[in-house]
1. What is the list of residues in the stretch 104-134 whose amide nitrogen lies under 17 Å from a point 7 angstrom out from the Cα of Val159, following Cα to Cβ?
2. For a footprinting-style exposure proxy, rank His164, His54, His19 by other Cβ within 10 Å, fewest first.
3. How big is the gap, in Å, between the Cα center of the stretch 49-75 and the Cα center of the stretch 5-25?
4. I'd like the Karplus ³J(HN,Hα) series for the stretch 57-62: coefficients 6.51, -1.76, 1.60, θ = phi - 60°, whole numbers in Hz, and an x wherever there's a Gly or Pro.
5. Taking amide hydrogens as modeled 1.01 Å from N in the peptide plane, which residues meet the under 5 Å criterion relative to Trp78, leaving out close sequence neighbours?
6. Search the structure for amide H atoms under 5 Å from the amide H of Thr85, placed 1.01 Å from N in the peptide plane, and list their residues when 5 or more places away or on another chain.
7. Using just the helices of the chain, give the 222 nm mean residue ellipticity in deg cm²/dmol: DSSP H runs with n ≥ 4 each add -39,500 (n - 2.57), and the total is spread over all residues, rounded to 500.
8. Can you tell me, using C-alpha contacts under 8 Å and at least 6 residues apart, the relative contact order of the chain as a whole percent?
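Here, each number is a calculation from the coordinates, and none is a lab measurement. This is a predicted model, so every value here is computed, not measured. FYI the Cβ positions are ideal-geometry reconstructions off the backbone, even for glycines, and counts take in every protein chain you see.
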Amino acid sequence: MPEAPRRRIDVTTLRGLAHPLRVQLYDALVTYGPATATMLAERFAESTGSTSYHLRQLAKHGFVEEDPTRGAGRERYWRAYPGGTELDSYELSGGGSGEAARLVVDEFRRVQSARLGHWLSAGYLQVPREWGQATVNSTAHLRLRVDELAALSNDLVAVLDAWHERTDGREPEGGDDARIVEVQVHTFPVAGQDLP
């Protein structure tokens, strides 16, 4: 099955994501899989009415969709739209959308950093030892040209895409000892140096 293309966030669709709770809801659906508005309300200590409203707004802008394979009766499951998203903050920095782009990027970074911080502070104590030993926290500093940085970034994304395709379709409750594993890869030039 061919992988769904990444959805590029533009000025119009950015409005659908430019709310902290919407970023959190979208991130939760991407990270943990399909959920109902009630389940998400409990996770984020919000009202079901609030999460329902924000899920509908995310759906209107193409970030989430109803999951027809789950739920019965009035129970509606939502899932992240397949393929993921891509946001070019440089492209969105003009035309009055810069503040919205910063809000979205900052909120995604905040929730990712919170999960990483939890793992580093105590999360590793909550899993069997072999899971902790299978992880890695590594930093590398390379001297790269811009074309090499672009190639490295593309290679890392290709590796993650290949693993995503390999494991796509696994259910968290499948009983196969699989867990949700977050991979955070950051490539960027280090601050404090002169860049051409």
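1. In the stretch 104-134, the label zone of Val159 (backbone N under 17 Å from the point 7 Å along Cα→Cβ) covers 134.
2. Lowest count first: His164, His19, His54.
3. 15
4. 5, 4, 5, 4, 9, x
5. Ala35, Thr36, Asp67
6. The list, which skips near neighbours in sequence, is Arg7.
7. -15000 deg cm²/dmol
8. For the chain, the relative contact order is 23 percent.
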